[in-house]
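All remarks here apply to the structure that follows.
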Amino acid sequence: MAESGSNQAPETGAFFQRDRQWHPPAFTPGYKSSVLRSPQKALLSFDNTLSELTGPVFGHAMLGELDNDLIHNFAKAGESAIGERIIVHGRVLDERGKGVPGVLLELWQANAGGRYRHKKDGYLAPLDPNFGGCGRTITGEDGGYAFRTVRPGPYPWPNGPNDWRPAHIHFSAFGHGFAQRMITQMYFEGDPLIWRCPIVSGISNKAAVEALIAALDMHSTIPMDALAYKFDIVLRGRRSTLFENRPEGN
Amino acid sequence: MAQSLDRLKESPSQTAGPYVHIGLTPNFCGIGGVYASDLGSTMLNDQTKGERIELRIRVLDGTGTPLKDALVEIWQADAAGFYNSPAELRGTADPNFLGWGRQPTDMETGVCLFQTIKPGRVPFRDGRLMAPHISLWIVARGINIGLNTRLYFSDEEMANAEDPILARIEHRLRVPTLISERQGDNYVFDVHLQGEKETVFFDS
């Protein structure tokens, strides 16, 4: 048995069924790239086996000191990224409301002008020589996490003739089971582009969209330094194994 | 009115987009110096037990064109059939094998390569053994929610024939979409997102 980094017995219950109505469907023609990349046949449903219930452990020892500081982790010594300085923090919870420790969170984003450091991004906004655009951290015992970064700019993208992405940060979350694996995007409170975005609009439920909008959190700002946004992430919950039969080998 | 169950909803998925490399494989896309290496890029060391194999995976869209901006993660048991995970209660996995890997598809060819080992057999919920398999998770621009599937092995015909997950596939013509083809020490596996050969994707 691998080290879990926690004194509690590892949980082995199956994950709650995914609510596919809450997520965007695979086929959302307003987002053109989905048209030829969306499976059309029914998914094969089955209760989790060990292959879905298990997952690797990522230890804090793998993290570098600046991994969660995008203002400095690509910058030359003594310099820093340009833009509105922000803290992004929150908790990773599961659907039972429990904080999830040991979750690997990886994030990536455009710079303050809306430009990604990627050869496929040809937007005319300039690169910032001191901004790479990636960061990572691992949640603490209560599921808490924090990053320091700059607020990314919105940018135009080739979909409709004049579509713009709202300012957003991509989040990848790696929980305790491979079936909890997920990627999403964080949006910013008050951004009028959110409700015009073809990617966001793939989500049909307004409350689901709102679950991806980080709130301005004045109590967590650093005066004369950085504003703060709070963004909680929810992973699939786990069934209790209390009354389950224990099949051989499980 | 009944009491509230006080449950939260899972965060809705959003596409990984075209720049997923920046976040998950920054060295691959030229962002050096932030992380020493890309996480999951190496799965083996000299001590890892098991038969060395290479997986050559492609992800094809509805026109049959390979995706050149996708990212694939794999998760598998060790050579003895144990997962390197706290939820593995049956025994201890090979300490020299994490069992998890991550690779981008090549920007020119669309092929993504994993150097790994052939996994052992893992029990199903009722104790029957599943055939050797590797779990896949695929994200890319245009994929709104990550796709889960499995890779099985063409040279495990007997085991495949009694695998409880493969047995659940109603349309038997679709079973081969989950079986990689052995070519020397390599296993070649094409994931079809759409069309006649659409891969069986999972909701589990």
Run the paramagnetic zone check for A:ASN159: 7 angstrom along Cα to Cβ, then residues of the stretch B:1-39 with backbone nitrogen under 14 Å. B:14-19
Net charge, A:ASP142 excluded, C-beta distance under 13 Å - Lys, Arg +1, Asp, Glu -1: -1
Please enumerate, by chain and number, the lysines with C-alpha under 22 Å from the C-alpha of B:LYS9, excluding those fewer than 8 residues away in the same chain. A:LYS98, A:LYS206, A:LYS230
Report, to two decimal places, the Cα Rg of the stretch B:32-192 normalised by 2.2 N^0.38 Å (N = number of residues). 1.05
As a footprinting exposure proxy, order A:LEU124, B:LEU24, A:LEU216, A:LEU36 by other Cβ within 10 Å, with the fewest listed first. A:LEU124, A:LEU216, A:LEU36, B:LEU24
Given a Förster distance of 60 Å, the FRET efficiency implied by the Cβ-Cβ spacing of B:GLU181 and A:ALA125, rounded to the nearest 0.05, works out to 0.85
Can you work out the FRET efficiency for the pair A:LYS206 and B:LEU8, with r the C-beta to C-beta distance and R0 = 25 Å, to the nearest 0.05? 0.90
Exposed-loop-free span, longest in chain A, where trypsin sites (Lys or Arg not before Pro) count as exposed if DSSP calls them loop and at most 11 other C-beta atoms lie within 10 Å: A:120-250
Cα-Cα P(r), the protein assembly as shown, percent of pairs per 20 Å interval: 25, 60, 15, 0
Only loop residues by DSSP count here, and only those with at most 11 other Cβ atoms within 10 Å; note down the GluC sites (Glu not before Pro) in the stretch B:109-204 that meet that. B:GLU170, B:GLU196
Under the 7 Å Cα-to-Cβ spin-label approximation, B:ASP190 and B:GLU108 lie apart by a distance in nanometres of 2.1
Quick P(r) readout (chain A; Cα-Cα; 10 Å bins; whole %) gives 7, 27, 33, 24, 8, 2, 0
With each label point set 7 Å from Cα along the Cα-Cβ vector, what nm distance links B:ASP126 and A:ALA9? 2.6
Determine which lysines satisfy two conditions relative to B:LYS49: a Cα distance under 19 Å, and not lying fewer than 8 residues away in the same chain. B:LYS118
Counting Lys and Arg as +1 and Asp and Glu as -1, what is the net charge of the other residues whose Cβ lies under 9 Å from the Cβ of B:LEU193? -1
Sum up the charges of everything whose Cβ sits under 15 Å from the Cβ of A:ILE183, counting Lys and Arg as +1 and Asp and Glu as -1, but leave A:ILE183 out. +3
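Bear in mind these aren't lab numbers, they're just calculated from the coordinates by the rules spelled out. Quantities reported herein were computed from a predicted structural model and do not represent experimental measurements. Backbone-built Cβ (ideal geometry, glycine too); neighbour counts: all protein chains shown.
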